[in-house]
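Asks: I am attaching a structure below and will ask some questions about it afterwards.
The values are calculated or read from the model by the stated rules, or taken from the named source; none is laboratory data. What you are looking at is a predicted structure, and each value in this text was computed from that prediction instead of being measured. Cβ atoms come from the backbone with ideal geometry, glycine included; neighbour counts cover every protein chain shown. Heavy atoms of the whole protein, side chains included, go into the accessibility calculation; ligands, DNA and RNA do not. Shrake-Rupley method; radii C 1.70, N 1.55, O 1.52, S 1.80 Å.
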Amino acid sequence: ADVVDIARVYAMYETLRRERNLLDFEGMLELTVAVLTEHREVAAQFREQYRHFVVDEFQDVNPLQKMLLDVWLGDRDDLCVVGDPNQTIYSFTGASPSYLLDFTREHPDAKVVKLVRDYRSTDQVVRLANGVIGQARGKAAQRFRLELIAQRPGGPEPVFNEYDDEVAEADD
């Protein structure tokens, strides 16, 4: 029932959007893909004007965003992507870490740089994080397991507190 309700709400939204000639973010991306695909002179101008691309949080790219990037790049590979396949949080929008995981297959000359230095946390916190990372399973965890290295001086051991609810936590 929830899926049907969501589909109905989305259909209503799309109807209102079209009736009122409104454009949302997805619509802007769709139109940009269409223009770059159908008008080669526009695509050529964009490719000349914007030579290099950096895409941060590449693990959260969805199919439409990937299509836009591919159309915008054309046959070039002037691209730098940054991401962590273990941190995909927008899967509800269609995002998939597969674009990041398969990046070197699509761009075989790409250089992979693993950022492992943690400049924010003490050695004690980084050790704890490495323990959590070490338990991760799945394709991303196997191919991109990181061992973080602390850069800050040591500090106290992390302490875990458990509370019955938010009020008890706030009272502490």
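Asks: Quick one: which of Phe58, Phe53 is modelled with pLDDT of 90 or more, surrounded by 11 or more Cβ atoms within 10 Å (Cβ to Cβ) and within 23 Å of Leu148 (Cα to Cα)?
Replies: Phe58
Asks: Turning to a different aspect of this structure: Going by what's in this entry, would Val116 be described as within 20 Å of Cys80 (Cα to Cα) and in contact with a strand residue (DSSP E or B) (Cβ under 6 Å, 6 or more places away or on another chain)?
Replies: yes
Asks: Touching a helix residue (DSSP H, G or I) at 6+ places or on another chain (Cβ under 6 Å) and of a type in the set (D, E, K, R): which single residue out of Asp102, Asp118, Asp109, Asp77 fits that description? Spell out how you get there, then give the answer.
Replies: On the way: Asp102 fails: touching a helix residue (DSSP H, G or I) at 6+ places or on another chain (Cβ under 6 Å); Asp109 fails: touching a helix residue (DSSP H, G or I) at 6+ places or on another chain (Cβ under 6 Å); Asp77 fails: touching a helix residue (DSSP H, G or I) at 6+ places or on another chain (Cβ under 6 Å).
Criteria check complete, one pass: Asp118.
Asks: Can you report the number of residues in segment 49-63 which are closer than 17 Å to Leu31 by Cα and in a helix (DSSP H, G or I)?
Replies: Here the count works out to 1.
Asks: With the condition kept exactly as written, say whether any residue in segment 107-121 is within 30 Å of Arg152 (Cβ to Cβ) and part of a helix (DSSP H, G or I).
Replies: There is no residue in segment 107-121 that is within 30 Å of Arg152 (Cβ to Cβ) and part of a helix (DSSP H, G or I).
The rows are residues; the columns are (1) of a type in the set (D, E, K, R); (2) open to solvent by less than 100 Å² (accessible area, probe 1.4 Å); (3) touching a residue at least 12 places away in the same chain (Cβ under 8 Å); (4) assigned to a helix (DSSP H, G or I).
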residue	(1), (2), (3), (4)
Val9	no, yes, no, yes
Arg18	yes, no, no, yes
Gly27	no, yes, no, yes
Glu41	yes, no, no, yes
Arg47	yes, yes, yes, yes
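Okay, residues lined up against (1) under 20 Å from the mean Cα position of the chain (by Cα); (2) open to solvent by 40 Å² or more (accessible area, probe 1.4 Å):
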position	(1), (2)
Tyr90	yes, yes
Phe103	yes, no
Val125	no, yes
Ala129	no, no
Arg152	no, yes
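Asks: I'd like to check something: does segment 64-73 contain any residue that is assigned to a loop (DSSP other than H, G, I, E, B), in contact (Cβ under 8 Å) with a residue 12 or more places away in the chain and touching a helix residue (DSSP H, G or I) at 6+ places or on another chain (Cβ under 8 Å)?
Replies: Checking segment 64-73: not a single residue is assigned to a loop (DSSP other than H, G, I, E, B), in contact (Cβ under 8 Å) with a residue 12 or more places away in the chain and touching a helix residue (DSSP H, G or I) at 6+ places or on another chain (Cβ under 8 Å).
Asks: I would also like to ask the following. Taking the stated definitions as given, is Arg76 open to solvent by 50 Å² or more (accessible area, probe 1.4 Å) and among the basic types (Lys, Arg)?
Replies: So Arg76 does not fit the description; no.
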